[in-house]
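Here you go, one structure.
The values are calculated or read from the model by the stated rules, or taken from the named source; none is laboratory data. These numbers were taken from a predicted model, which means no experiment stands behind them. In this analysis, Cβ positions are derived from the backbone assuming ideal geometry, glycine residues included, and neighbour counts consider all displayed protein chains.
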Amino acid sequence: MIHLEKIQDARKAIESVIARTPLAYAPYLSEISSAEIYLKKENLQITGAFKIRGAYNKIASLTEDQRACGVIAASAGNHAQGVALSASLFNIRAVIVMPESTPLTKINGVKHYGAEVILAGGNYDEAYAYAIEYGTKHSLTFVHPFEDAEVIAGQGTIGLEILENCEELDTIIVPIGGGGLIAGVATAIKQSNPSIRVIGVSASGAPAFKNSFELKTPIDSTSVRTIADGIAVRDTSSITLEYALKYVDEVISVDDEEIASAILYLLEKQKLVVEGAGAVGVAALLHNKVTDIKNKKVAVVLSGGNMDVTLLSVIIEKGLLKSGRKMKLTVTLIDKPGSLMRFTQILQDLNANIVHISYDRTAISLDYGDANVTVHMETKGKEHQKQIRDTLQKEGYLRSR
């Protein structure tokens, strides 16, 4: 276990390189949470995520001989860029092993910092195994994304910054993937002020850490599936779990729809681009997963902002559906003149804005003379959607639920 002094030393080692990101008050989120909510904007960090802190601190701790040989890491995300940039700042060799399915944009992002990229394996675990073997063969120091004391200490510097900027903090909410971030932050927080509550948030599609925390023993998942790819970790680290069991008060989870709605909220209300992993804390607040925070000061770590733009439209769509601002319905009409006009007139009278409509008379499930109409609408919330459903049901377009 690391001590507060080690995190303080890490801060000195990285302070000339990393950005001291803002801790900003969030008015709307505070209002709906009945608390003082502050956002730690690590999405504005160099490379767009907190990972540079731990990566740089690790490389700074190496001997001259180790640096001369170079470093290696396995990652398809923020850790890869953190290691690549840190190595370039020390002018040493860096090799990043990425799964063969890694998007070109992420590969180019790592190459931009001068690192060598090796594509190996169909997933992270296979890339990790290759990196260990390759690193041993070529005398490269492996920089683990979370199972490393220097990396954990570097991530913990976020906790020190929050404490300096927010007096009388009551609660801090931190994303959990492999656990390196919450291990460092929780250590800094609890060793500075044990009365501050530390809450971790994981994705429900990657339940290993939450299950392990609750059962107090490492439990791995058979698979993971979540839009929060930055915390989509299949296996639980016994090292970071030990920190969590000592310093973390609670671990909660949020699903993909809740994460999507948080990404959308941060775009609209805070003018921030935050990736799924970085938005889980806000998702927990928006969907009332965090208790006992009324009239208290709460800090939420936005761990990163490296959003895959090809997924952004899908995530926004999920967020709009979750928040009740978009709605999709399929109804069956008699295929005769005026049927569609009457249906759309009802929607117009209900102030539902149709953004897409399709008409299908060929489905084999239809009776002769009928047609399926699928309509996508912009709506004004859950109550408006209920009004639409109730009216359409009354008019015979929807069956009783």
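Search the range 6-20 for residues that are touching a residue at least 12 places away in the same chain (Cβ under 8 Å) and pair each with any residue that is assigned to a loop (DSSP other than H, G, I, E, B) when their beta-carbon atoms are under 7 Å apart and the residues are at least 6 apart or on different chains.
Here the result reads Ile18/Gln45; Ala19/Gln45, each pair linking the range 6-20 to a residue that is assigned to a loop (DSSP other than H, G, I, E, B).
Continuing with the same structure: For the condition assigned by TED's automatic domain parsing to the domain that holds Ser303, under 19 Å from Ile7 (Cβ atoms) and acidic (Asp, Glu), what is the one hit in Glu214, Glu164?
Matching residue, one of Glu214, Glu164: Glu164.
So, of the residues in the range 4-26 that are closer than 16 Å to Asn43 by Cα and small (Gly, Ala, Ser), which turns out to be surrounded by the most Cβ atoms within 10 Å (Cβ to Cβ)?
Ala26
Kindly indicate whether any position in the range 352-365 is outside any loop (DSSP other than H, G, I, E, B), surrounded by 11 or more Cβ atoms within 10 Å (Cβ to Cβ) and either touching a residue at least 40 places away in the same chain (Cβ under 8 Å) or out of contact with any strand residue (DSSP E or B) (no Cβ under 9 Å at 6 or more places or on another chain) (or both).
No.
Only one of (1) within 24 Å of Ala283 (Cβ to Cβ); (2) crowded, with 24+ Cβ neighbours inside 10 Å; (3) hydroxyl-bearing (Ser, Thr, Tyr) is not met by Tyr56, so which one is it?
Going through the list (1) within 24 Å of Ala283 (Cβ to Cβ); (2) crowded, with 24+ Cβ neighbours inside 10 Å; (3) hydroxyl-bearing (Ser, Thr, Tyr), Tyr56 breaks only (1).
While we're on this one: Do the conditions hold for Asp308, that is, is it outside the structural domain of Glu31 (by TED's automatic domain parsing), in contact (Cβ under 8 Å) with a residue 12 or more places away in the chain and of a type in the set (Asp, Glu)? Break it down into steps so the answer makes sense when it comes.
Numbers: outside the structural domain of Glu31 (by TED's automatic domain parsing): no; in contact (Cβ under 8 Å) with a residue 12 or more places away in the chain: yes; of a type in the set (Asp, Glu): yes.
The answer is no for Asp308.
Just checking, how many residues over the range 131-164 are of a type in the set (Val, Ile, Thr) and surrounded by fewer than 17 Cβ atoms within 10 Å (Cβ to Cβ)?
2
Counting only residues that are of a type in the set (D, E, K, R) and at pLDDT below 95, which one in the range 187-240 is nearest to the chain's Cα centre (by Cα)?
Asp229
Next question. If a residue must be assigned to a helix (DSSP H, G or I), of a type in the set (D, E, K, R) and in contact with an Asp or Glu (Cβ under 7 Å, 6 or more places away or on another chain), how many such residues does the range 180-220 contain?
Qualifying residue count, the range 180-220: 0.
Sticking with this one: Sort out for me the helices (runs of 4 or more DSSP H) sitting completely within the range 236-328 that have 3 or more residues that are small (Gly, Ala, Ser).
256-269, 280-286
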